[in-house]
Amino acid sequence: RQMCIRDRTCSESPTEPTCNAHTSCYWDTNENLCRIKCSMRSSTQCGVDTACAWNGVSCGTKCVTSYTTEETCNSDTQCMWDSGNILCTDACKTYSTSGTCQSDSQCMWNSKGYCQMACEYGYTDATNCINAGCTFDDTRAACYTTCTGLTDLSSCTADPVCRWTSNQTCAPGCTTFTTTTTCPSTTCAWDATNSKCTESCSATTSTECLANSNCEWNGYVCKIGCEQAYSTSTTCGADTRCMWDADTTICKNACSLRKQNDCQAEPALCRYDAGNGHCVESCVRAYGSNQATCDADTSCAFNPLRMVCTSSCASQGTAESCSTKPICEWNAQSSLCKRRCMYKLDADSCTADSECKMNATGCTKRCQYQYTTSQTCSLDASCMWSVTNR
């Protein structure tokens, strides 16, 4: 009888002021009507009103209708603020089953058998995050569900610190391991250059292999690149597929494994032998300052200015590449790059070139090839201008 009177009293109050004047009523701002307070209802009557919820002991107003600001919402331990939808919702701990818990994106059902705030929403510091069974990502400065707690491929691969394994389970990504000791060699590889743990190069196809920037495909297997594998000249040099670049202090792929474009991209280290279709070490790298071994290779030439072995003039196929060699010059008539007369160090090579002549000071260019005007010709005491043959 009393409950009936109260209920009718509330329903017969058409305005918010008249509604709030009754202690057993409250004004529903969403529906713009006066309702009996949830706290006045029995467990049976509680479920009738969508604005109320039974907590096992008593009936209470659902958070969404009780609070409109984050501050007031979070002040109630039975509620939590949903920043995505900008409203107050029931706290995760109020859910008693796994199904109702997981239906709320802000909640998760933990291994202890109760509902708690999802890692992404509930914790902002590493300590509380880890204590809640979550993992804290220092790079992102945020709390996330542990990789092992993610059970499907999409959610696992969506997390940058997790990886989906061949066993169809989610595991911590290689980047989460910070030392050579903790970096698991069975599934990851240590990047010595950048001092970090990376995905291993275990792909079985070139496409999958090359999708990982740390890996390279040698035609048969996928392997970690020389640059990532080694950080010292000793360890780099011990691997026949690698070579050490002293100028950049980086371990790089050996010339013999490079295709033409890759070969020509490293002129200080490699040179492309067009005749044999192979990439070989550059003359300076192969012979250094050893003139005897340099001269024995017809594709190389010893540079007396720098006292090092360089590519021969004959190996330069264009005027542009020829001009980059101080000891060479381009012959426009024959379209060939050849050694300058002054750098021909013996009489045989000097006299073999019709444009050169041998004198007491060495090999020099013949006057008719060296000067094209009477003015420049007359300045050389060993030459004279011929009006007849000009």
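Observations
- Hydrodynamic radius by Kirkwood, which averages 1/r over all alpha carbon pairs of the range 156-287, in angstrom: 16.2 Å
- Shape of the range 325-387, Cα gyration tensor, a/c cut at 1.5: oblate
- Over the range 267-320, the reciprocal of the mean inverse Cα-Cα separation, the Kirkwood hydrodynamic radius, stands at 11.2 Å.
- Summing Cβ point charges (Lys, Arg +1; Asp, Glu -1) relative to the Cα centre of the range 262-390 gives a dipole of roughly 460 debye.
- Debye intensity ratio in log₁₀ form over the Cα atoms of the range 246-384, taken at each q of 0.10, 0.11, 0.14 Å⁻¹: -0.41, -0.49, -0.73
- The Cα-based radius of gyration of the range 124-219, divided by its Kirkwood radius, gives an Rg/Rh of 1.00.
- A straight line joining the Cα centroids of the range 179-225 and the range 33-61 runs 60 Å.
- Average 1/r across all pairs of distinct alpha carbons in the range 309-355, invert it, and you get the Kirkwood radius: 10.9 Å.
- Sorted from longest to shortest, the spans of the Cα atoms of the range 29-149 along the three principal axes equal 51, 28, 20 Å.
- Largest first, the extents of the alpha carbon coordinates of the range 178-255 on the three principal axes equal 32, 31, 18 Å.
- Only Cα pairs under 8 Å and 6+ residues apart enter the sum, and on that basis the relative contact order of the range 5-157 stands at 10 percent.
- Backbone amide hydrogens, once placed in the peptide plane, bring A142 within less than 5 Å of D137, excluding anything fewer than 5 places away on its chain.
- Helix 2-11 and the longest principal axis of the Cα set of the chain meet at an angle near 50°.
- Cβ-Cβ distance of H22 and K93, R₀ of 45 Å, FRET efficiency by 1/(1 + (r/R0)^6): the value works out to about 0.90.
- Dipole of the range 114-205 [Lys/Arg +1, Asp/Glu -1 at C-beta], most positive-end residue of C170, S200, P160: S200
- Spin-label model, A360 to A292: label points 7 Å out along the Cα-to-beta-carbon direction sit 3.3 nm apart.
- Leading residue at positive end of dipole, the chain (Cβ point charges), from T23, V48, T235: T235
- Summing Cβ point charges (Lys, Arg +1; Asp, Glu -1) relative to the Cα centre of the chain gives a dipole of roughly 820 debye.
- Over the chain, Cα pairs under 8 Å with separation of 6+ residues give a relative contact order of 4 percent.
- If the chain linking R8 and S58 were pulled fully straight, counting 0.36 nm for each residue of separation and taking away their Cα-Cα distance, it would gain 15.8 nm.
- Modelled spin-label separation between M307 and I130, with each label point placed 7 Å from Cα along the Cα-to-Cβ direction: 6.0 nm.
- Taking the Cα centre of the range 167-286 as reference, the dipole from Cβ charges on Lys and Arg (+1) and Asp and Glu (-1) amounts to some 100 debye.
- T232 versus T29: modelled label distance in nm, points set 7 Å from Cα along the beta carbon direction: 6.9 nm
- Near the amide H of G225, within less than 5 Å, lie the amide hydrogens of C215, E216, all on another chain or at least 5 residues away, with H placed in the peptide plane.
- Ordered by 1.4 Å accessible area with all protein chains kept, M358, M384, M117 run largest first as M384, M358, M117.
- Scalar couplings 3J(HN,Hα) for the range 338-344, obtained by applying the Karplus form with A = 6.51, B = -1.76, C = 1.60 to θ = phi - 60°, are 9, 6, 5, 3, 5, 9, 7 Hz; x denotes Gly and Pro.
- Proximal lysine pairs, the chain, alpha carbons under 12 Å, eight or more residues apart or interchain: 5
- Length gained on full extension, T179 to D152: 6.9 nm, using 0.36 nm per residue less the C-alpha separation.
- At q = 0.07, 0.09, 0.13 Å⁻¹ the log10 of I(q)/I(0) for the chain amounts to -0.63, -0.78, -1.10, computed by Debye summation with a single uniform scatterer per C-alpha, solvent ignored.
- Length gained on full extension, T248 to A274, computed as 0.36 nm times the residue gap minus the Cα-Cα distance: 6.7 nm.
- Inter-part distance, the range 69-98 to the range 291-307, computed on C-alpha centroids, equals 80 Å.
- Per residue, the convex hull spanned by the Cα atoms of the range 217-323 amounts to 121 cubic angstrom.
The values are calculated or read from the model by the stated rules, or taken from the named source; none is laboratory data. This one's a predicted model, so the numbers in the text were calculated from it and none came from an experiment. Note that we place each Cβ from the backbone using ideal geometry, even for glycine, and neighbour counts take in every protein chain shown. The protein model used for the area step is the full one, side chains on, heavy atoms only, and it has no ligands, DNA or RNA in it. Shrake-Rupley method; radii C 1.70, N 1.55, O 1.52, S 1.80 Å.
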